[in-house]
Amino acid sequence: MGTTVFERRRPAASVVEHSLARSEHRVFWLDDLGVEARKRRPALTGEHVAQLVVVGGGYTGLWTALLAKEREPDRDVLLVEGRTIGWAASGRNGGFCAASLTHGLRNGLDRFPDELATLERLGRENLDGIEKVVVEHGIDCFFERTGELTVATAPWQADHLRELPALGETVGSRLEWLDADAVRAKVDSPTYHGGLLDCDGVAMVDPARLARGLREACLRLGVRIHENTPVTALERSAAGVVLRTAYGRVTARRVALGTNAFRPLLRRMSSYLVPVWDYALMSEPLTAEQRAAVGWADRHGMADAGNLFHYYRVTDDWRILWGGYDAVYHFGGRTDDRLERNPATFLRLAEHFQATFPQLEGLRFTHAWGGIIDTCSRFSAFWGTAHSGAVAYAAGYTGLGVGATRFGARVALDLADGRETEATRTEFVRTKPIPFPPEPLRYAGITLTRHELARADRNAGRRGLWLRALDRVGLGFDS
Ligand SMILES: Cc1cc2nc3c(=O)[nH]c(=O)nc-3n(C[C@H](O)[C@H](O)[C@H](O)COP(=O)(O)OP(=O)(O)OC[C@H]3O[C@@H](n4cnc5c(N)ncnc54)[C@H](O)[C@@H]3O)c2cc1C
């Protein structure tokens, strides 16, 4: 069995520990949201009626409410959020806002080969649509259309990436292969063997500011927002769909659910979704010397091409966010807040950071946090309806939802309104992922898969029996 570059270049434990010594267990992006965002909307009390109720104040819910108002300004839209707008995945992610709706080209080709060109186009239109809203509503979220550079940290990864520009061309996506010298001229690391540049398919954003901006845009358009209002039950009545909350009740003609991987209000959703924990570190701002030592003038979002991969980026004030790699599922799908702290993963992330950028030894991390990713077995969104079409949902973005949630919301709204569109006619929208088995098989299967992905990374990408079996039944992942 071989080793990964992160194991071969493992830094001294003291260097890693020093880099974490002053980090706080807090989400960097949620630190500084300004007074307006901290003014909470009141919880819902008493009896209400609305034409459309949106449950969930992350991007899926916010985009649904915004798009509903854009389509029909007079529609009465009410959004309920269990805690505060954008506290969950939408306010704590890496901020890679990608055009891809299918979690990358290869995953799209494996699952939707006949319609991938359409999905890629719809994805590019979706990203353009996000940019338009950011500009029109003056959303101050450091939206930068930098593109993304995926780097190979092993020769087998370089072989895989080299094939992608030709594949991309067949579906209208522009990708460019760069050799090791060209990549290191952009961002310098001794671990790089080459890379793939997606010039215009990804924008970088400050995720919490995007959520805050969407919230403000919704309020301006007249959406009624209630925070601290978990919906506890949803049922059909003669008057419509009734949603119960701790202090009130709302009856709606249509309901859209954007509840991610939290306990679903429709039982059927729980077989398709598992909450997987993802973790990230944020560094202090780089000094001028540190910036010169690393490069990164184009400020691309970056990721490596392992099966277990890191994603990393710079902020407006030149901090580095470094996240990913460990993807942790807890037995029974636990989502409690204590799991946001994971020192073992924070140490591993810091170790891999130092192995990647030895020239940044001494740089400290200021923030460390975790969040929940709504993972499904096809690694990209799915949709559904319930209660004779009065309730629609979108979920399952599996770690690539910053951009795709707007598309997810648009389709959920189409489904709730009974509108047939180019998007709703696709297999992508009409089909569901393969359900996960119940516990304890669920936990055993996910844990084994993670273990086998790590083994493949050590073994020049060669997939063992378990991963090959998953590939054969359409459950393998390759972004
Ligand atoms: C650490 C991390 C890094 C990530 N990095 C990236 C990235 O760089 N790029 C990318 O594309 N994606 C990334 N993602 C994924 C991305 O953040 C999500 O796909 C996206 O934010 C999902 O938005 P959402 O609105 O569906 O879910 P959420 O933002 O989780 O919002 C769901 C909301 O529903 C509310 N809710 C749930 N149940 C109820 C109820 N019963 N009643 C009322 N409210 C309820 C919750 O309180 C929550 O606020 C990352 C995720 C994490 C955790």
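Rounded to the nearest 20 debye, the dipole size of the range 343-479 about its Cα centre is 320 debye, using +1 on the Cβ of Lys and Arg and -1 on the Cβ of Asp and Glu. Reducing the range 174-220 and the range 308-344 to their Cα centroids gives an inter-centroid distance of 18 Å. Of the residues 192, 411, 173, the one whose Cα sits farthest toward the positive end of the charge dipole of the chain, with +1 on the Cβ of Lys and Arg and -1 on the Cβ of Asp and Glu, is 411. Under 12 Å from a label point set 7 Å out along the Cα-to-Cβ vector of residue 131, the amide N atoms of the range 94-125 belong to 99, 124-125.
The trypsin sites (Lys or Arg not before Pro) found in the range 10-65 that occupy coil by DSSP, while having at most 11 further C-beta atoms within 10 Å, are 22, 39. Would you mind checking the range 58-91 for residues with the amide N under 14 Å from a putative spin-label position 7 Å along Cα→C-beta of residue 39? Those under the cut-off are none; the list is empty. In terms of overall dimensions, the C-alpha atoms belonging to the chain reach 65, 49, 42 Å along their principal axes, ordered largest to smallest.
Rg and Dmax over the alpha-carbon atoms of the range 74-227 stand at 18.5, 57 Å.
Here the simple spin-label model places points 7 Å from the Cα toward Cβ, and for residue 439 and residue 114 these points are separated by 4.0 nm. Note that the range 226-308 presents 42 Å² accessible area per residue, ligands and nucleic acids not counted, probe 1.4 Å.
In order along the range 392-398, the Karplus-derived 3J(HN,Hα) couplings, from 6.51 cos²θ - 1.76 cosθ + 1.60 at θ = phi - 60°, round to 10, 9, 9, 6, x, 5, 6 Hz, and Gly and Pro are given as x.
Summed over the residues of the range 65-174 and divided among them, the accessible surface reaches 39 Å² per residue at a probe radius of 1.4 Å. Sparsely packed loop sites in the range 121-170 (the trypsin sites (Lys or Arg not before Pro) outside DSSP H, G, I, E and B with at most 10 other Cβ atoms within 10 Å) do not occur. Bridgeable lysines around residue 69 (alpha carbons under 21 Å apart, same-chain partners fewer than 8 residues away excluded): 132.
Applying a 10 Å radius around every beta-carbon, put 70-81, 285-296 in order of their mean neighbour count, most first.
Answer by packing, highest mean first, reads 70-81, 285-296.
Restricting the range 332-418 to trypsin sites (Lys or Arg not before Pro) that sit in a DSSP loop and have at most 16 other Cβ atoms within 10 Å of their own Cβ leaves 334, 341, 364. Accessible surface of residue 193, taken over heavy atoms with a 1.4 Å probe and every protein chain present, rounds to 80 Å².
By a 1.4 Å probe calculation restricted to protein chains, residue 216 has an accessible surface near 60 Å², given to the nearest 10.
Would you give the gap between the C-alpha center of the range 455-476 and the C-alpha center of the range 47-111, rounded to a whole Å? What the calculation gives is 33 Å, centre to centre. Net charge dipole, the range 77-134: roughly 240 debye, given to the nearest 20, about the Cα centre with Cβ charges of +1 for Lys and Arg and -1 for Asp and Glu. Within the full protein context, the accessible area of residue 446 is estimated at about 40 Å² for a probe radius of 1.4 Å.
Name the residues of the range 305-319 whose amide N is less than 14 Å from a point 7 angstrom out from the Cα of residue 454 along the C-beta direction? From the range 305-319, the list is 307-309. Which net charge results for the neighbourhood of residue 134, defined as the other residues with beta-carbon distances under 13 angstrom from its beta-carbon, given Lys and Arg at +1 and Asp and Glu at -1? Every neighbour counted, the sum reads -2. Size descriptors for the range 60-112: radius of gyration and Dmax over Cα atoms are 15.4, 42 Å.
Apolar share of the accessible surface for the range 50-132: 46 percent from carbon plus sulfur atoms, 1.4 Å probe.
Counting Lys and Arg as +1 and Asp and Glu as -1 over every other residue whose Cβ lies under 14 Å from the Cβ of residue 259, the net charge comes to +2. In debye, nearest 20: dipole of the chain around its Cα centre with unit charges on the Cβ of K, R (+) and D, E (-)? So the magnitude is around 1500 debye. When shorter helices are ignored and each DSSP H run of at least 4 residues is given -39500 (n - 2.57), the per-residue value for the chain at 222 nm works out to -10000 deg cm²/dmol.
The values are calculated or read from the model by the stated rules, or taken from the named source; none is laboratory data. As the structure is a prediction and not an experimental result, all values here were calculated from the model. Ideal geometry is used to build each Cβ from the backbone, glycine not excepted, and the neighbour counts take in all protein chains shown. To get the accessible areas, we keep the full protein, side chains included, count just its heavy atoms, and leave off ligands, DNA and RNA. Shrake-Rupley method; radii C 1.70, N 1.55, O 1.52, S 1.80 Å.
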